[in-house]
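Reading through the structure tokens given below for one structure.
The values are calculated or read from the model by the stated rules, or taken from the named source; none is laboratory data. Quick caveat, the model's predicted, so the values are computed rather than measured. Quick reminder, even Gly has a Cβ in these numbers, built from the backbone with ideal geometry, and neighbours come from all protein chains shown. These area figures cover heavy atoms from the full protein model, side chains too; ligands, DNA and RNA do not enter into them. Shrake-Rupley method; radii C 1.70, N 1.55, O 1.52, S 1.80 Å.
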Amino acid sequence: FAGCCSNFASKYNDVSNSLKIELFKDLNDMKKGEKISILEIGAGPGANFKYFDREALVQTVEPNLHFAKYFDENRSKFPKLDIKDIKEGFGEDLSAAGIADASVDAVVMTLVLCSVRDQLKCLEEIKRVLKPGGKFFYMEHIIGDEGSTIRTVHKLLMIGGFWPFMADGCCTDRATDKVMETAGFGNLEQKKYDLPISEDAGIPFKLCGGIVKPHLMGVATK
């Protein structure tokens, strides 16, 4: 599964490149000249490291240590980043992974809130570990709009736990945009969009990409 996800993450970066550059602009601009502390939850193979264009200490919390091989390969490409070893853990309990209160400048999650067991508990933990004024950067797939065909597909895929079983806990029916609005951050900027899928993308990516086409990205400030 880790190998398949690493391959998907590479193709996902290809189609999302301009959007990720836009998302992480604030991260690269904050505290200019300082070495900031970044926590990535569910870092997987480290597909986002290429977008951290600055000096930073990077901690990662990841429940699946089978990503370690791909993670280490990516880590070696970015010597400007002080990337620590993966810490095994879950977003709902960052203290168990040793992440202290008010200890990080930025938290990053991409394609992870779809699979955490408790989104609100995870967001509470993110607020706990962020320093005052710290920022949470996220990019997620979400359930389709009311009345849309894709929304019906998303609901059908959840019957009997089919999609979570096939995709390691991923859920297609989460309205993460609504959850973020109630999470209690001091400031929230987010936008919905459709994942761009190129015509020359392979059939497996077109299939999976079509399922997760409704997307959300945003920056929440503590």
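Summed over the stretch 116-151, the residues that are within 19 Å of the chain's Cα centre (by Cα) and either surrounded by 15 or more Cβ atoms within 10 Å (Cβ to Cβ) or over 23 Å from C5 (Cβ atoms) (or both) give a count of 24.
Residues of the stretch 74-84 that are surrounded by fewer than 18 Cβ atoms within 10 Å (Cβ to Cβ) and in contact with a helix residue (DSSP H, G or I) (Cβ under 7 Å, 6 or more places away or on another chain): F78 alone.
Which is in contact with a helix residue (DSSP H, G or I) (Cβ under 9 Å, 6 or more places away or on another chain) and open to solvent by 50 Å² or more (accessible area, probe 1.4 Å), of A167, A183, A100, A201? Of A167, A183, A100, A201, the one residue that is in contact with a helix residue (DSSP H, G or I) (Cβ under 9 Å, 6 or more places away or on another chain) and open to solvent by 50 Å² or more (accessible area, probe 1.4 Å) is A100.
Residue count for the stretch 57-73 under the criterion of being surrounded by fewer than 23 Cβ atoms within 10 Å (Cβ to Cβ) and either without any contact (Cβ under 8 Å) to a residue 24 or more places away in the chain or over 14 Å from the mean Cα position of the chain (by Cα) (or both): the result is 9. When the stretch 119-158 is filtered for residues that are of a type in the set (S, T, N, Q) and over 30 Å from A96 (Cβ atoms), the ones remaining, listed by number, are S148, T149, T152.
So which of L39, L113 ends up being of a type outside the set (S, T, N, Q), open to solvent by less than 20 Å² (accessible area, probe 1.4 Å), in contact with a Cys (Cβ under 9 Å, 6 or more places away or on another chain) and not in a helix (DSSP H, G or I)? L113 is the lone residue from the list that is of a type outside the set (S, T, N, Q), open to solvent by less than 20 Å² (accessible area, probe 1.4 Å), in contact with a Cys (Cβ under 9 Å, 6 or more places away or on another chain) and not in a helix (DSSP H, G or I).
Please determine whether any residue of the stretch 16-24 is part of a loop (DSSP other than H, G, I, E, B) and open to solvent by less than 20 Å² (accessible area, probe 1.4 Å). Within the stretch 16-24, one or more residues are part of a loop (DSSP other than H, G, I, E, B) and open to solvent by less than 20 Å² (accessible area, probe 1.4 Å). Scanning the stretch 124-145 for residues that are outside any helix (DSSP H, G or I) and in contact with a helix residue (DSSP H, G or I) (Cβ under 7 Å, 6 or more places away or on another chain) yields K135, F136, F137, M139, E140, I142, I143, G144, D145. Based on this model, can you work out whether K206 counts as at pLDDT 95 or above and either charged (D, E, K, R) or open to solvent by 60 Å² or more (accessible area, probe 1.4 Å) (or both)? Spelling it out, it is not the case that K206 is at pLDDT 95 or above and either charged (D, E, K, R) or open to solvent by 60 Å² or more (accessible area, probe 1.4 Å) (or both).
Mind checking which residues of the stretch 152-199 are touching a strand residue (DSSP E or B) at 6+ places or on another chain (Cβ under 9 Å) and free of Cβ contacts under 8 Å to residues at least 24 places away in the same chain? Within the stretch 152-199, E181, D194 meet the criteria.
Taken over the stretch 43-56, the criterion of being out of contact with any helix residue (DSSP H, G or I) (no Cβ under 6 Å at 6 or more places or on another chain) and either of a type in the set (A, V, I, L, M, F, W, C) or open to solvent by less than 20 Å² (accessible area, probe 1.4 Å) (or both) is satisfied by A43, N48, F52, A56. Residues in the stretch 89-129 that are farther than 17 Å from F185 by Cβ and basic (K, R): R117 only. Does A96 fit the bill of being free of Cβ contacts under 8 Å to residues at least 40 places away in the same chain, among the aliphatic types (A, V, I, L, M) and assigned to a helix (DSSP H, G or I)? Yes.
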